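Working notes, beginning with the structure itself.
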Amino acid sequence: MSVNLLIVSVGITTVDQLRSNQSRRLIAGPLCHVTKQRPQREAELLDGGSVYWIIKGHIAARQKVVELERLFDHEGEKCGVILDSELIETELFSRGPHQGWRYLEEEDSPRDLRDLVEEAENDDDTEGELSEEMAAELKSLGLL
């Protein structure tokens, strides 16, 4: 069973902005998010885990973790989380800020937006659809 990491995307206000920043960084090589601590649950993370990005108080996107690298600088050892280049939007989940990263269990992870769209297209009973923002607001109020 896999586990995910939950990381706040500092200074980013939209998924499109994150995608744009990362596309510029891809020119230099693989995407690498540097953290101070190496995840203890490395095997679970590398078994299909993802980084879920918190943007403006909501989990909004994810990227598969490809590998973990040992990095060194003047402060000592760090961990480089190498990410897949595909940024997958998720349903919005309200989530407060925190420092560093946190584990996010697979069963607590938001679903991919593309899966939700596919479900809605296959559901004949769908009358109207909620926007992402409306769904997130209703979830934060405990109504969904």
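Here are some notes:
- Residue in the stretch 6-14 that is under 16 Å from the mean Cα position of the chain (by Cα) and in a helix (DSSP H, G or I) present: no
- Residue list for the stretch 21-36, restricted to those being in contact with a Leu (Cβ under 8 Å, 6 or more places away or on another chain) and in a helix (DSSP H, G or I): GLN22, ARG25
- Hits in the stretch 89-109 (condition: over 19 Å from SER131 (Cβ atoms), surrounded by 11 or more Cβ atoms within 10 Å (Cβ to Cβ) and in contact (Cβ under 8 Å) with a residue 24 or more places away in the chain): HIS98, GLY100, TRP101, ARG102, TYR103, LEU104, GLU105, GLU106, SER109
- Some residue of the stretch 28-37 being touching a Cys at 6+ places or on another chain (Cβ under 8 Å), of a type outside the set (A, V, I, L, M, F, W, C) and either modelled with pLDDT of 95 or more or surrounded by 12 or more Cβ atoms within 10 Å (Cβ to Cβ) (or both): yes
- Matching residues, the stretch 83-102, being in a strand (DSSP E or B) and out of contact with any Leu (no Cβ under 7 Å at 6 or more places or on another chain): ILE88, LEU92, PHE93, SER94
- Against the numbered list (1) in a loop (DSSP other than H, G, I, E, B); (2) modelled with pLDDT of 95 or more, LEU18 comes up short only at (1).
- From VAL8, VAL15, VAL66, VAL51, residue being closer than 19 Å to GLU105 by Cα, in contact with a strand residue (DSSP E or B) (Cβ under 7 Å, 6 or more places away or on another chain) and in contact (Cβ under 8 Å) with a residue 60 or more places away in the chain: VAL8
- Lone unmet requirement of (1) of a type in the set (A, V, I, L, M, F, W, C); (2) more than 21 Å from ARG102 (Cβ to Cβ); (3) touching a strand residue (DSSP E or B) at 6+ places or on another chain (Cβ under 6 Å) for ALA28: (3)
- Residue within the stretch 58-67 that is over 19 Å from SER2 (Cβ atoms) and either buried (at least 18 other Cβ atoms within 10 Å of the Cβ) or at pLDDT below 95 (or both) present: yes
- Residues (farther than 30 Å from MET134 by Cβ and of a type in the set (A, V, I, L, M)) located in the stretch 71-88: LEU71, VAL81, ILE82
The values are calculated or read from the model by the stated rules, or taken from the named source; none is laboratory data. Remember, it's a predicted structure, so these values are computed and weren't measured experimentally. So basically every Cβ, Gly included, is an ideal-geometry build from the backbone, and we count neighbours across all protein chains shown.
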